[in-house]
Amino acid sequence: MKLHHTATALVLFLPLLHSCNEVDEISGDNVAGNSPIVVSAETASPFTRSYIPLGMYDNFKVFAASEQGGTRTVVMDGYKVEFLTDDWTYVSETQSLMYWNSNADRYLFTAGAPVDAVAAISATSMTLSLENNTTGSAMACQPLRIERTSADFGHTVNLRFGYAHCRVCVAFMKNAAESVTVEDVRLTPDIAIASKAELTYSYDWSTTTPAATPQLSVKASSGASLGFDRVTIPSSTSDAVLSETRHYCVPDAANTTGWTISLTVNGQQKSASFVNSEKWESGKNYIYVFSLEENGPKLVHVISQDNFFYCEDILPGDKFSNADMTE
């Protein structure tokens, strides 16, 4: 099945501080004059550009701690990082430039975006505030541990982000001699679903690759409909056409399976019930594809993509538009 405006999936990365290159030598404790801690995006070699997932944010929050002889020392206690003029920086009147301690056994890094979504952050956990919306997702960094024996110790710290929300889209197909206009599209759950929540990631640093275990705490539920923009299906095509609207939703919290779709097709109102068998997961994009039959819409397929989409042309601090979406 071909789908107009569907997107390829890729986990994207955020640059935090990009004013310094890799540091080859480290010495001393956290004192000025030694190697600064530089946090950036994981990039291909050679370095060609930086990325912001979806171009959504120009700020996020970072936590870093060093460990030495079983003692943990906080290095960056929820530092705010923002894009200023043409670069990322965390240095401000209240946030000092930090330096590597060559005597530390290891460093631990976590981060979340945007800053306002990070309700709490520490070495043991991070909590993100989630709310159903149509503008974007909160993001969590994969926990990163850098050992003193690692080749990455003292070099640029590369953080990798993933999405906390899931994303819900709709698409329609109808092979007709003339174009078809689909309007007033709404998906309505038969039981209230989570509309606000806190998603807490608890970190396990003891494994080879540090693990984050998410725990969802629902703060509010709603039976409100998810509304989508109009769709125009060209004449004589069997392709599914995607609505421009994307709903970023709280991932599965005992999500109801019973839903209703209502819409207007060329001025005629239609509705139908359908079963949502998908368990909504963080970072996944769900496209519900409906065929428009004479008696009403019918769910024929759900496309599940691992990551929302890949934007090649987003520069640090830029905005996102549909024109940037890769087919």
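The values are calculated or read from the model by the stated rules, or taken from the named source; none is laboratory data. What you are looking at is a predicted structure, and each value in this text was computed from that prediction instead of being measured. Ideal geometry is used to build each Cβ from the backbone, glycine not excepted, and the neighbour counts take in all protein chains shown.
Going by what's in this entry, would Leu226 be described as touching a His at 6+ places or on another chain (Cβ under 8 Å), of a type in the set (A, V, I, L, M, F, W, C) and surrounded by 13 or more Cβ atoms within 10 Å (Cβ to Cβ)? So Leu226 fits the description; yes. Got at least one residue in the stretch 293-301 being within 23 Å of Asn132 (Cβ to Cβ) and in a strand (DSSP E or B)? Within the stretch 293-301, one or more residues are within 23 Å of Asn132 (Cβ to Cβ) and in a strand (DSSP E or B). Taking the conditions (1) under 17 Å from Ser282 (Cβ atoms); (2) among the polar types (S, T, N, Q); (3) not in a strand (DSSP E or B) in turn, Thr213 satisfies each one other than (3). Could you tell me whether the stretch 259-274 includes any residue that is of a type in the set (Phe, Trp, Tyr), at pLDDT 95 or above and either surrounded by fewer than 16 Cβ atoms within 10 Å (Cβ to Cβ) or over 27 Å from the mean Cα position of the chain (by Cα) (or both)? Yes; the residues of the stretch 259-274 include at least one that is of a type in the set (Phe, Trp, Tyr), at pLDDT 95 or above and either surrounded by fewer than 16 Cβ atoms within 10 Å (Cβ to Cβ) or over 27 Å from the mean Cα position of the chain (by Cα) (or both). Comparison of Ala176, Ala119, Ala111 shows that the only residue that is closer than 30 Å to Ser236 by Cβ, out of contact with any Gly (no Cβ under 7 Å at 6 or more places or on another chain) and either in contact (Cβ under 8 Å) with a residue 40 or more places away in the chain or of a type in the set (S, T, N, Q) (or both) is Ala176.
Within the option set Thr156, Thr135, Thr208, being at pLDDT below 95, surrounded by fewer than 13 Cβ atoms within 10 Å (Cβ to Cβ), in contact with a strand residue (DSSP E or B) (Cβ under 8 Å, 6 or more places away or on another chain) and not small (Gly, Ala, Ser) holds for one residue only, Thr135. The set of residues in the stretch 94-107 being assigned to a loop (DSSP other than H, G, I, E, B) and either under 22 Å from Cys249 (Cβ atoms) or of a type outside the set (A, V, I, L, M, F, W, C) (or both) consists of Thr94, Gln95, Ser96, Asn101, Ser102, Asn103, Asp105.
Which residues, counting only those in the stretch 80-112, are closer than 21 Å to Pro210 by Cα and under 25 Å from the mean Cα position of the chain (by Cα)? If the condition is that a residue be closer than 21 Å to Pro210 by Cα and under 25 Å from the mean Cα position of the chain (by Cα), then Tyr107, Leu108, Phe109, Thr110, Ala111, Gly112 are the ones that fit.
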